[in-house]
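Notes follow the structure.
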Amino acid sequence: MKGVSPIAVLALLVVGLLGIAAMAAYIQLAAVPTVVEYEGEFDDVYLATKGPFYSDFSEQVDANISNDVLTATYRTLVALNATANSAVNSRDYVLALAIDIDGAVKNMEISGKLGNGVASTGDPANDMVIKSVQLWTHEDNPRLVADLTKYIEDQIEIDAETGVLEKDTYVLEIVFHSKVISPDFTTGDDLMKLELELDTDGDVDTAQITIESA
């Protein structure tokens, strides 16, 4: 370049090369994907109370964590005894469980079947159906995270997956519906054993929920 000294030309070349190297390093860094750590685990479960949530169940056994498994038991507010109370027939029973997940997880699997518990004097698989299953945020104005109703099988079984969940408190709302209760249930008879499994590196990755008749 006319009128430009060799030193100036060299300096421009050096600056240009440094700029290209810096840009290449930036592009390479930007191309590296962010590694997400899925280390969430179950922290607690309880009956949801915020916003529109309510339950036709009471807490029978408070949530407890032992050997990395969270367990809890819930009972219907009314005994499933048609002989003494015909109002138990042809009605919905809503169970809204607030589930605290402490950290992100890849997935939560939800599984359970009416009548999969111990021997019962009642007949949950024939007298009850699973009407809907939904996952919500636990807020005054909740947001629907996933409608899992389509995963109900034969109206008596649920086997569903949520996909990735961030750290938060979620509400698993299950609506049961009774047909004709016969024979009557005895207090403590199981309706369903509900199991929740987290895909995570966290320790407490299993929750076992027992659902009973009063």
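Checked across the stretch 160-176, the condition of being surrounded by fewer than 17 Cβ atoms within 10 Å (Cβ to Cβ), among the hydroxyl-bearing types (Ser, Thr, Tyr) and at pLDDT 95 or above holds for no residue.
Of the residues in the stretch 95-117, at least one is part of a strand (DSSP E or B), of a type in the set (A, V, I, L, M), assigned by TED's automatic domain parsing to the domain that holds Ala63 and farther than 23 Å from Phe42 by Cα.
Here's the yes/no breakdown for (1) out of contact with any Phe, Trp or Tyr (no Cβ under 8 Å at 6 or more places or on another chain); (2) at pLDDT 95 or above; (3) among the hydroxyl-bearing types (Ser, Thr, Tyr):
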residue: Asn107; (1), (2), (3): yes, yes, no
residue: Gly115; (1), (2), (3): yes, no, no
residue: Lys131; (1), (2), (3): no, yes, no
residue: Leu135; (1), (2), (3): no, yes, no
residue: Ala146; (1), (2), (3): yes, yes, no
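Within the option set Ser58, Ser120, being over 23 Å from Ile156 (Cβ atoms) and either modelled with pLDDT under 95 or not aromatic (Phe, Trp, Tyr) (or both) holds for one residue only, Ser58. Of all the listed residues (Leu70, Leu77, Leu114), the sole one being of a type outside the set (Gly, Ala, Ser) and touching a Pro at 6+ places or on another chain (Cβ under 7 Å) is Leu114. Take the stretch 82-97 and flag every residue that is surrounded by fewer than 19 Cβ atoms within 10 Å (Cβ to Cβ) and either modelled with pLDDT of 95 or more or within 20 Å of Glu161 (Cβ to Cβ) (or both). Those that are surrounded by fewer than 19 Cβ atoms within 10 Å (Cβ to Cβ) and either modelled with pLDDT of 95 or more or within 20 Å of Glu161 (Cβ to Cβ) (or both): Asn89, Ser90, Arg91, Asp92, Val94.
The values are calculated or read from the model by the stated rules, or taken from the named source; none is laboratory data. Because the structure is a prediction, the values reported are computed rather than measured. All Cβ positions, glycine included, derive from the backbone under ideal geometry; neighbour counts span all protein chains shown.
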